[in-house]
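The values are calculated or read from the model by the stated rules, or taken from the named source; none is laboratory data. Computed from a predicted model, the values in this text were never measured in an experiment. Cβ coordinates were reconstructed from backbone atoms using ideal geometry, including for glycine residues, and neighbour counts include every protein chain displayed. Heavy atoms of the whole protein, side chains included, go into the accessibility calculation; ligands, DNA and RNA do not. Shrake-Rupley method; radii C 1.70, N 1.55, O 1.52, S 1.80 Å.
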Amino acid sequence: MRFTREQREFAVAVREFCAAECKTLQQRDLLTEGGTLANSPLILDKFAGLGWLAVSLPEEYGGGGAGMVEECIFLEESARGLAPIIAYSTGLTAAQTYLRYGTEEQKHTIVGNMAAGKLEAIALSEPGAGSDLGGVRIKAELVDDHYVINGQKTWISAAHIAEHILLLARTDSSGNKHQGLTLFMVPADAPGLEIREIQTMEARTCNDLYFTDVAVPASAVVGTPNQAWRHLMRGLSVERLIIATMALGGAQRSLDDLIAFVTEREQFGHKISSFQAIRHRIADLATEIAFAKSFVYEVAERIDAGEEDNLNREGSMAKLKCTEIAKKTALEAMQMMGGYGYTREYGMEEQVRRSLAPPIYGGTNEIQREIISKSLGL
């Protein structure tokens, strides 16, 4: 697709902001307490002040009122610029469900939070229910005019800094495993909810959630009780595109840094970039990224044209391809940079760490391949 002048200017503005605020390791360390935070409150606040957060969400609820193309521009350029706002995408994904099925009050709350730089979380996975969400066991029991929630969730991104948890729970066990599931909007500070960090190779992102007699009003239900499976299976193209676009930005950043390195570094009396083996590997990476970007924005444009519900296959393709090329680019770049690629100073080790989880979360890439193959009649 061809960007409009306004879209091109928006991309440049985000790119220049990131170059000024978080280009160097020293800047990012200051913003993230030495790399221990995955999300910088200061950067989120600045983005909010510029009106760039929730840019694609409806204006009547406090969003920017633009389209998915503009949102993808922001996601790509902020990821390319290494802006420490990883959890923004999680909140943006949660907002899609609230906007489809939530009450007017829920929509105003969630979109307003996103636009203001506050974050939201989604709690789907459990120790025995990851790819198989039909295996959810956490229970929400209706008692008079409220629900009482008991059980555990795991691998929950951003729960420790979120305003609310979009929770998937079982409210009826009489049917098959895909029936009797309900979504809830649970305050992250609700009494009886304990949030524990899961330590990973990145700054704190994931958490275990323990619910002990957590009470929420009946008005906390998002959508129709016992119909969460149907809610979750509709409109997944936006959620997958969000992950794909951030991965695309990460891939481009890895390529940018690799090119900068090989055009300066010398071996055997020559620039590394003069060696054909290096040049051709980089050419392959650049070509894959360019094709992935073209596909991402084609899907975004079609979503803006109202085709969202018909793009589940394309959403899976985008998520699959972009997360795989982001991982491949970071690993290839580390190899071509030699020992320097392994150091914090040059930033590629951070790119490698950031590229490893996206092929797993948001529906593993194995699940995406199943979705694609089934859509082809296989």
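Structure values in brief
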| quantity | calculated |
| --- | --- |
| Candidates 63, 249, 192: whichever shows maximal mean-square fluctuation once the chain is modelled as a Gaussian network with Cα springs under 10 Å | 192 |
| 13 Å beta-carbon shell around residue 116, net charge (K/R +1, D/E -1) | -1 |
| Alpha-carbon centroid distance for the pair region 43-75 / region 9-30, whole angstrom | 17 |
| Cα-projected label distance for residue 291 with residue 116, points at 7 Å along beta-carbon direction, nm | 4.6 |
| Three-way shape call for region 229-376 based on the alpha-carbon gyration tensor, with the a/c threshold at 1.5 | prolate |
| When each of 139/319; 293/328; 271/328 is checked by Cα-Cα distance, pairs over 19 Å | 139/319; 271/328 |
| Gap separating the Cα centres of region 335-363 and region 199-239, nearest whole Å | 29 |
| Cβ-Cβ FRET estimate between residue 301 and residue 364, R0 fixed at 22 Å, reported to 0.05 | 0.25 |
| Anisotropy class of region 113-174 from Cα gyration tensor, a/c 1.5 cut | oblate |
| Shape category assigned to region 122-226 from the gyration tensor of Cα positions, a/c cut at 1.5 | oblate |
| Which label in [x] 19.5, 58; [y] 21.3, 67; [z] 21.1, 79 gives the computed Rg and Dmax of the Cα atoms in Å | [z] |
| For the chain, built as a Gaussian network whose Cα springs stay under 10 Å, the top-fluctuating residue of 253, 313, 265 | 265 |
| Local net charge near residue 355, Cβ-Cβ under 12 Å (Lys/Arg +1, Asp/Glu -1) | 0 |
| Local net charge near residue 320, Cβ-Cβ under 10 Å (Lys/Arg +1, Asp/Glu -1) | +2 |
| The chain, helix-only ellipticity at 222 nm - DSSP H runs n ≥ 4, -39,500 (n - 2.57), divided by all residues, nearest 500 | -15500 deg cm²/dmol |
| Virtual spin-label span in nm between residue 23 and residue 280, 7 Å along Cα→Cβ | 3.5 |
| Protection proxy ranking of 86-97, 127-138 - average other beta-carbon atoms within 10 Å, highest first | 86-97, 127-138 |
| Exposed-loop-free span, longest in the chain, where GluC sites (Glu not before Pro) count as exposed if DSSP calls them loop and at most 13 other C-beta atoms lie within 10 Å | 34-263 |
| Spin-label pair residue 342/residue 30, simplified geometry with 7 Å Cα→Cβ offset, distance in nm | 3.1 |
| Residue-normalised accessible area of region 138-183, given per residue in Å² at a 1.4 Å probe | 45 |
| Percent carbon-and-sulfur accessible area, region 5-118, ignoring ligands, DNA and RNA, probe 1.4 Å | 52 |
| Whichever aspartates and glutamates have a C-alpha closer than 16 Å to that of residue 107, once near sequence neighbours (fewer than 8 apart) are set aside | 59, 60, 120, 163 |
| Percent of beta bridges antiparallel (DSSP, the chain, rounded to nearest 5) | 80 |
